[in-house]
Structures are given as C-alpha cells and as structure tokens.
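Enquirer: Let me give you the structure first, and then I'll get to my questions.
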Amino acid sequence: MTEPAPDAPATARLRRWLRPAVLAMEPYAAAPLPAAASEPAAKLDAMELPYALPAALRARCLRQLRIQPLHRYPDADAGALRRALRAALDIPDSLALLPGNGSDELILYLTLALAGRGRKVLAPEPTFVMYRRVAAMAGMEYVGVPLRPDDFALDPEAMRAAIVRHRPAIVWLAWPNNPTGALFDEEAVRQVVRAAPGIVVADEAYFPYSRRTLLGAVSEYEHLLVLRTLSKMGLAALRIGVLIGAPHWLEQLEKLRLPYNVGALNQVCAAHLLGANGADYSADFEPLLERNRAARQKLYRALRRLDGVEVWPSHANFLLLRLAAAPADAVHRALRRRGVLVKNLHGSHPSLRQCLRVSVGAAAENRLFLRSLREALRAHGGGASPRTGTYKNPAGIQ
Ligand SMILES: *Cc1c(COP(=O)(O)O)cnc(C)c1O
C-alpha cells in the first residue's frame, strides 16, 4: 500500500495504519440510556446484582477508603486482595491466582500470551462476546462451534471434531454460559478438556448463582484454568476478576499483567468486603444472592405462563427468552421507551433469532418488566395472555 500524502484526508491515514481487524470491529456498545430517562426504571441488561450493599457494610468499607493515601501507587502485588480472594473463593494452596481489572482484562492477557500467526481461539456459540472481540484484537482467528440449537447444550462430538481440525491455542467455556444460562454437562466439558491441545478456560462468572465449579479438576488437568469475577455478585463497580490455575501457567501470565492493574481503592474495598477486618463475605453476600436466585425462579415461572414467549432454564442471574410472534427489535424498543433495559440478542447469532436476555432485577423491576413486556407483546401482535395448563420441569432448574 502507498503512503498517504501528508495532507491526505485523515481517514486515508487511519485506513493505512489501523489494523484491518480493528477497522472491522464494531464498538462495544454499552447502550446509551433512552433520552427520556436519565435513570432507567429497570436496569436489566448487564447482569448486575440489583441490590445495593447493606449500609453497615458500605460504612465499614468507606472507613477503609478514607485512610487510603491517594498520592501513592497501589500495592504492586495486590497482596491483601490476593489473600482475600484466595480465602473467599476457596482457592486451594496448590493453585496460583492472578487478579485483573475485571475478568475482561484477564481474557485479554491470556489471549495475548498465546497469540501468534495462524493460532486459533475456539468457543461454543452463542457465548460471551469478549472471547471473539479479544481474539480479533490480538490478531487471532476465532472459531465458533454451534451449541445444540434447542437447549443450547454442548455438542461433544462437534467440539471434538473442531478441536481436532483447528488445534486451538485456547478453548473458552463459559460455565454457566452467557447469554443462554445453560450449564454444560460436566462430563462433556471434561471431554473437551481432554481433547484440547492448548489451554481450556472455564469462565465461572456466574458461580455465585450456579454454585458449581471446576476448580477441583485443575489438579487433574494442568492446562485447565478457571476464571472468576466479583462483578455478577454485587461488586460490578470494583472491576475485580481473578484467574486461577497451575502455578507454572500463572507465573508466565503474571508477566503480562500491567503494573498496578487494579486501583488502590478497588483493592482495598474488595479485600475488605471479601473478609478482611472482620467482614464476613459469605454472611454478607449470601442472603442477597439467595434473594436473587429466588427472584429468578419467580420471574422464570411468570415468563413460562406467557403466551408467545419461550424461556430457557437458567443457572445464572439472567433469563434467555424468545418471542414467538412479536419482533424482538420492536419489543426491545418498546421496553426501552418505558425505561426497561434488557439485551436484544436478535441478529447476534442465528440461534438467537427473536431472543432477548433479561437480568433478574429487584422485585419492582421484574414486575415492571413483566407488565411492559405483556403490553409490548399485545401492541405488536405477539399474544401475551397467560397460558393455560401447567408446566413440569423435570430437572427442577429455573
Ligand atoms: C460478565 C461476564 C464476564 C466479565 O466480567 P468482568 O469481570 O466484569 O469483566 C466474563 N465472562 C462472562 C461469561 C460474563 O458473562
């Protein structure tokens, strides 16, 4: 390609120098709020815990922040944070951990560490979009292997065939999966781990809701890493993720960590809330998580009763639904006009056609969502009368 002239339009220079993979990327849209509402009436688009921390806990945290010097860099090693994470997340002494500025940052480090010409990243699809985005940033090829379209289960045979064919450097398994809420069968996951030539990451962002972990399997498979985050359990503002695995892998990945990647206020706040200075992480957070799990069950049942709505069981703090008659785009817009924010998945993947994802909110948010959804479905010809008859859920999962 020829050099653009010094006075060439700015876009010529930009097209000459920006990597094609960057030019081809869509911005990661954290969707702007509707103009009418500066505060959404129901914020159900980002899997946050809908409850604020108890005031007493906040007050204790603020006392710690008040004495934190702001003119010094954070603890470079984030020692207190690491110790608190190890204790609160029950990380065995035989494993190492790496704290990140959210698990997104750890996805970036891992990908950069294994990137190279011709190397591939593989994940079952649909799944968390950052795996693909970060692969593009790192110049890696991304291979999506379709999940079973009816129940979004892992297809072990398709995964095995794709692994043999593509020899991926990294296999991502969101466990439970986002945006489907499914928890892949553990034996199917283990088959993937055994077949993979590179590393496999179990992304357990929704562990607080599924309460299932593959941490115990890391000692069996040294190339299995586990990713966790504090974002989905009530501390999204702090941006704390943690990668857990065999020390020989983590030692290498530690080299990619940017100095002071977790801010001092976030370190102190998280370490304190996770259990330092007399705080009791499980006692403080478990009631909120339990309330959210119960709310998910209630919302799931309410959605099951709506005509024109298909909803899948979820092991996470959100539900995936498909609209049978009304277009998801129109319903999504109608919900936004009422200040109800959910994620529109229509168009993001063939098996998510006419699908929306709704995070489980506080009781009033869930009621407003249901009321607004019924109205939107009626307005757009999608039914929404309560369904008659009862539904049996053999697995008892909601
Ligand atoms: C939300 C989410 C993350 C991102 O978590 P952060 O720690 O907030 O960066 C990672 N993985 C999955 C599957 C998620 O849904």
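The values are calculated or read from the model by the stated rules, or taken from the named source; none is laboratory data. Everything numeric here is computed off the predicted structure, so don't read it as measured data. Every residue, glycine among them, receives a Cβ derived from its backbone with ideal geometry; neighbour counts consider all protein chains shown.
Enquirer: Output the residues belonging to segment 223-240 that are outside any helix (DSSP H, G or I) and either of a type in the set (A, V, I, L, M, F, W, C) or surrounded by fewer than 24 Cβ atoms within 10 Å (Cβ to Cβ) (or both).
Expert: So the first thing to find is which residues in segment 223-240 are outside any helix (DSSP H, G or I), and the list is 223-230, 234-235, 239-240.
Scanning segment 223-240 gives 223, 224, 225, 226, 227, 230, 234, 235, 239, 240.
Enquirer: Let me ask another. With the condition kept exactly as written, say whether any residue in segment 205-222 is part of a loop (DSSP other than H, G, I, E, B), within 16 Å of the ligand (Cβ to nearest atom), modelled with pLDDT of 95 or more and aromatic (Phe, Trp, Tyr).
Expert: Yes; the residues of segment 205-222 include at least one that is part of a loop (DSSP other than H, G, I, E, B), within 16 Å of the ligand (Cβ to nearest atom), modelled with pLDDT of 95 or more and aromatic (Phe, Trp, Tyr).
Enquirer: Scan 42, 52 and give me the residue that is more than 16 Å from the ligand (Cβ to nearest atom), within 26 Å of residue 316 (Cα to Cα) and surrounded by 18 or more Cβ atoms within 10 Å (Cβ to Cβ).
Expert: Numbers: 52 fails: surrounded by 18 or more Cβ atoms within 10 Å (Cβ to Cβ).
Only one candidate passes the filter, namely 42.
Enquirer: What about residue 91, is it of a type in the set (Val, Ile, Thr) and surrounded by fewer than 17 Cβ atoms within 10 Å (Cβ to Cβ)? Outline the logic, then answer.
Expert: Numbers: of a type in the set (Val, Ile, Thr): yes; surrounded by fewer than 17 Cβ atoms within 10 Å (Cβ to Cβ): no.
In short, no.
Enquirer: Mind listing whichever residues of segment 1-21 are assigned to a helix (DSSP H, G or I), at pLDDT below 90 and surrounded by 12 or more Cβ atoms within 10 Å (Cβ to Cβ)?
Expert: Matches in segment 1-21: 21 only.
Enquirer: Here's something else I'd like to know. Given the conditions (1) surrounded by fewer than 20 Cβ atoms within 10 Å (Cβ to Cβ); (2) of a type in the set (A, V, I, L, M); (3) touching a Phe, Trp or Tyr at 6+ places or on another chain (Cβ under 7 Å), and given that residue 311 satisfies all but one, which numbered condition is not satisfied?
Expert: In the conditions (1) surrounded by fewer than 20 Cβ atoms within 10 Å (Cβ to Cβ); (2) of a type in the set (A, V, I, L, M); (3) touching a Phe, Trp or Tyr at 6+ places or on another chain (Cβ under 7 Å), residue 311 misses (1) alone.
Enquirer: Scan segment 341-357 for residues that are touching an Asp or Glu at 6+ places or on another chain (Cβ under 8 Å) and over 17 Å from residue 129 (Cβ atoms) and jot them down.
Expert: 341
Enquirer: Can you confirm whether residue 251 is more than 16 Å from the ligand (Cβ to nearest atom) and not in a helix (DSSP H, G or I)? Don't jump to the end; show me each part of the working.
Expert: Details: more than 16 Å from the ligand (Cβ to nearest atom): yes; not in a helix (DSSP H, G or I): no.
Against the criterion (more than 16 Å from the ligand (Cβ to nearest atom) and not in a helix (DSSP H, G or I)), residue 251 does not qualify.
Enquirer: Filter segment 226-247 down to residues that are more than 9 Å from the ligand (Cβ to nearest atom) and of a type outside the set (A, V, I, L, M, F, W, C), then give me how many there are.
Expert: Matching residues across segment 226-247 total 3.
Enquirer: From (1) within 22 Å of residue 245 (Cα to Cα); (2) at pLDDT 95 or above, pick out the condition that doesn't hold for residue 87.
Expert: That leaves (2) as the condition not met.
Enquirer: Of the conditions (1) touching a helix residue (DSSP H, G or I) at 6+ places or on another chain (Cβ under 9 Å); (2) at positive phi, residue 345 clears all except one; give me its number.
Expert: Condition not satisfied by residue 345: (2).
Enquirer: Output the number of residues of segment 42-57 satisfying the condition of being outside any strand (DSSP E or B) and among the charged types (D, E, K, R). Show your work before the answer.
Expert: Our first condition is that a residue be outside any strand (DSSP E or B); within segment 42-57, this holds for 44-57.
Checking which are among the charged types (D, E, K, R) leaves us with 45, 48.
Looking only at that region, the number is 2.
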